[in-house]
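Engineer: Before I ask anything, let me first share the structure, which is written out below as C-alpha cells.
The values are calculated or read from the model by the stated rules, or taken from the named source; none is laboratory data. Keep in mind that what you see is a predicted model, and the values were worked out from it rather than measured. Methodologically, a virtual Cβ is constructed for each residue, glycine included, from the backbone with ideal geometry; neighbour enumeration extends over all protein chains shown. These accessible areas exclude ligands, DNA and RNA; they are computed on the full protein's heavy atoms, side chains included. Shrake-Rupley method; radii C 1.70, N 1.55, O 1.52, S 1.80 Å.
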Amino acid sequence: MGISFATTSYIAAIALFILSLSGLSQHATSRRGNLFGMIGMLLALAATALLIPVNGYAPLILALVPGAIIGSILASRVAMTSMPELVAMLHSFVGAAAVLVGISNYLGPIPIDIVTKLPISGGELTIHNLEIYLGVFIGAITFTGSVIAFGKLNGKISGKPLMLPGRHLLNLAMIVLVIVLGIMFMSSAEGAGMSYLLIMTGIAFVIGVHLVMAIGGADMPVVVSMLNSYSGWAAAAAGFMLSNDLLIVTGALVGSSGAILSFIMCKAMNRSFISVILGGFGTAEGVAPAAGSEPQGEVTATNIDEVSEMLSDAKNVIIVPGYGVAVAQAQHSLAEMVKILRDHGVNVRFGIHPVAGRLPGHMNVLLAEANVPYDIVFEMDELNHDFPTTDVAMVIGANDIVNPAALEDPSSPIAGMPVLEVWKAKTAVVMKRSMASGYAGIDNPLFYKENTRMLFGDAKKNVDMLVTKLRELVAA
C-alpha cells in the first residue's frame, strides 16, 4: 500500500511540477504556477516520508523542521534587491546536497536489484558508480559556482571578471584530470575509489570558483540561469543514485528549463552560451567612464516640474525599469504614478529587457509585487517598434539595456546586443543617481542625445515627487 501510494503520489507531483512550469511562463498564471509547485513538493515529501520506516521519522523531523523554519524566515525577510543572491545561494544547497548524497551513496551498501533482490553487479554497478561520479562532479561545480555568484550579486566579491593567465588551458587541464581520475575511479575495486572521488570533488570545487569568477557582472543574470540548470542536473543525478524517479524527473525539468532560459537570455544579449562560460564580459557596477571616452555632446539635465508636464501632456509613455528600481524600492511609487497617468488618459506601458536586473524575470516580479497590471507589461520585442510614436520614454535605473552603442558602434563590447531603442521616442527621460556606467562598465551615448533629459537623484524620491506633482496637474 505504501509503495503504490507513493508511486501514485509521485506521478501526481510530476504533473503538478509540469503545470507549475507552464503557469510560470505567463504573468497572469504565475501565482497559480507557484501554487501548483508548492502543492507538488508537499505531496512529494509526504509520499517519500511514507517509504521511510517508522523508526526513521525522528531524524526526518529533526531535519525538516529546522530547515522549514529557517527557510520561512529567510524568504519572508529577503528584499527584492536580494532575491538574485538568495536564488544563487539556494542553488548552492542543491549542489552541496548532490555532493553529500554521492559520497554517502558510495560509502553505503551496494544497492539491491529490484528483480533478483541481490546486490547489483557487473554493468549495473558500473552505471551506478558513473552516476555517483558525475553527480558529485556536477554538484561540486554548482556548489562553489553558486557561492561565488552569491558573493558577486551581493557585492562581497567584485563584479569584475578574474582573468588569470592561461585560464582556458587551466580549465582544460582540470577537466582532463577529472576524466583521468574518473577512469581510475571506475576501474577501482568496490569501495577503493574514495580517494579518487574526493580528489575529483576538490578539483570540481576549484572549477566552479574559477568559472564564475571569470564571468563579468553584466552576464550575472545568465549565470544565475545557468546555475539553475546545473542544480537541476545535479538533482537528477542524485535521483539516479537514489533510484528515485520523482527526483530524476524533477531535476530534468529544472535542468532543461534552466538551459532553455539561459539560451534565450544569451540570444537576448547576442552572445553564445560558450562565450558567457569563457567569461570576461562586464566589470563592477558603477564604474565611471574612462577619461576621454565620452561621446561629443553635453548632458541636458531636467527637473520634476518639466518631467511632470511632459508626462501629463503625453499620449503614449513607455517606462523601461532596471535594477535601480529594485535598489531604490521604487516599484510601488511607480505603480501609483502609472495609475494616475492612466486615469488621466495616458497610454502607459512597460518595456522589459530579458536581462534587466540581476535575475531572469527580475523586473516582472518587481512590477507584479506592486500590482502593476499584467496587460501593460511587454517584452522588448513586443514594443521596440513603437518608440518612434512614443511621446516620452522614461528609463529608470537601467543603463546597458538602452545603450545605442550596441547598434551604432561595431567596436563596442556590447555591439549587436538587442536593446530597447528609447532614443527613438520624442523625448527620452533617464532617471539616474549619477553619470556612472552600468554593469558592463561602458559609457552610454544615450545620455548625450539631443532628445534625452537626465533626471538625477534617488529613483524612489524622484518618483514620489512626480506622483505629487502629477496629482496637482491632473486636479488642475
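Engineer: Would you mind finding the one in I112, I148, I138, I120 that is crowded, with 16+ Cβ neighbours inside 10 Å and either at positive phi or touching a Pro at 6+ places or on another chain (Cβ under 9 Å) (or both)?
Structural biologist: Only one candidate passes the filter, namely I120.
Engineer: Could you list, in sequence order, the residues of the range 197-211 that are at pLDDT 90 or above and either among the small types (G, A, S) or under 18 Å from the mean Cα position of the chain (by Cα) (or both)?
Structural biologist: Matches in the range 197-211: G202, A204, G208, V209.
Engineer: Please enumerate the residues belonging to the range 300-317 that are open to solvent by 50 Å² or more (accessible area, probe 1.4 Å) and of a type in the set (V, I, T).
Structural biologist: Of everything in the range 300-317, just one residue is open to solvent by 50 Å² or more (accessible area, probe 1.4 Å) and of a type in the set (V, I, T), namely T300.
Engineer: In the range 250-271, what residues are assigned to a helix (DSSP H, G or I), open to solvent by less than 50 Å² (accessible area, probe 1.4 Å) and in contact (Cβ under 8 Å) with a residue 40 or more places away in the chain?
Structural biologist: T250, L253, S257, S262, M265, C266, A268
Engineer: Let me ask you something else. Could you count how many residues in the range 260-309 are at pLDDT below 70 and aromatic (F, W, Y)?
Structural biologist: 1
Engineer: Limited to the range 357-373, what total is found for residues that are touching a strand residue (DSSP E or B) at 6+ places or on another chain (Cβ under 8 Å) and free of Cβ contacts under 8 Å to residues at least 60 places away in the same chain?
Structural biologist: The total comes to 3.
Engineer: Considering only the range 378-395, state which residues are in contact with a Leu (Cβ under 7 Å, 6 or more places away or on another chain) and open to solvent by less than 20 Å² (accessible area, probe 1.4 Å).
Structural biologist: Across the range 378-395, the qualifying residues are M380, V392.
Engineer: Next up: Has the range 442-449 got any residue that is more than 24 Å from I340 (Cβ to Cβ), open to solvent by less than 10 Å² (accessible area, probe 1.4 Å) and in a loop (DSSP other than H, G, I, E, B)?
Structural biologist: Within the range 442-449 (the criterion being more than 24 Å from I340 (Cβ to Cβ), open to solvent by less than 10 Å² (accessible area, probe 1.4 Å) and in a loop (DSSP other than H, G, I, E, B)), the answer is yes, since at least one residue qualifies.
Engineer: Next question. If I ask for residues that are open to solvent by less than 60 Å² (accessible area, probe 1.4 Å) and out of contact with any Asp or Glu (no Cβ under 9 Å at 6 or more places or on another chain), which ones from the range 465-476 would you list?
Structural biologist: L466, L470
Engineer: Could I ask something else about it? Touching a residue at least 24 places away in the same chain (Cβ under 8 Å) and out of contact with any Pro (no Cβ under 7 Å at 6 or more places or on another chain): which single residue out of A428, A405 fits that description?
Structural biologist: Of A428, A405, the one residue that is touching a residue at least 24 places away in the same chain (Cβ under 8 Å) and out of contact with any Pro (no Cβ under 7 Å at 6 or more places or on another chain) is A428.
Engineer: How many of the residues in the range 151-176 are open to solvent by 40 Å² or more (accessible area, probe 1.4 Å) and in contact with a Lys or Arg (Cβ under 8 Å, 6 or more places away or on another chain)?
Structural biologist: Adding up the residues that qualify gives 1.
Engineer: Here are some residues: L473, L407. Which one is in a helix (DSSP H, G or I), closer than 24 Å to S333 by Cα and modelled with pLDDT under 90?
Structural biologist: Being in a helix (DSSP H, G or I), closer than 24 Å to S333 by Cα and modelled with pLDDT under 90 holds for just one of L473, L407, which is L473.
Engineer: Going by the structure shown, is S158 among the hydroxyl-bearing types (S, T, Y), out of contact with any Asp or Glu (no Cβ under 8 Å at 6 or more places or on another chain) and in contact (Cβ under 8 Å) with a residue 12 or more places away in the chain?
Structural biologist: When the stated conditions are applied, S158 passes them.
Engineer: Here's a follow-up. I'd like the full set of residues that are in contact (Cβ under 8 Å) with a residue 24 or more places away in the chain and within 30 Å of S121 (Cβ to Cβ), limited to the range 161-187.
Structural biologist: Listed by number, the residues that qualify are L177, V178, G182, F185, M186.
Engineer: Within the range 21-40, how many residues are over 21 Å from E379 (Cβ atoms) and open to solvent by less than 90 Å² (accessible area, probe 1.4 Å)?
Structural biologist: 5
Engineer: Consider Y133 against the criteria (1) aromatic (F, W, Y); (2) within 12 Å of M241 (Cα to Cα); (3) open to solvent by 70 Å² or more (accessible area, probe 1.4 Å): it satisfies all of them except one. Which criterion is unmet?
Structural biologist: It fails just one condition, (3).
Engineer: What are the residues in the range 81-108 that are farther than 20 Å from I148 by Cα and surrounded by 17 or more Cβ atoms within 10 Å (Cβ to Cβ), if any?
Structural biologist: Result: V101, G102, I103, N105, Y106.
Engineer: Confirm whether P418 is free of Cβ contacts under 8 Å to residues at least 40 places away in the same chain, assigned to a loop (DSSP other than H, G, I, E, B) and open to solvent by 30 Å² or more (accessible area, probe 1.4 Å).
Structural biologist: no
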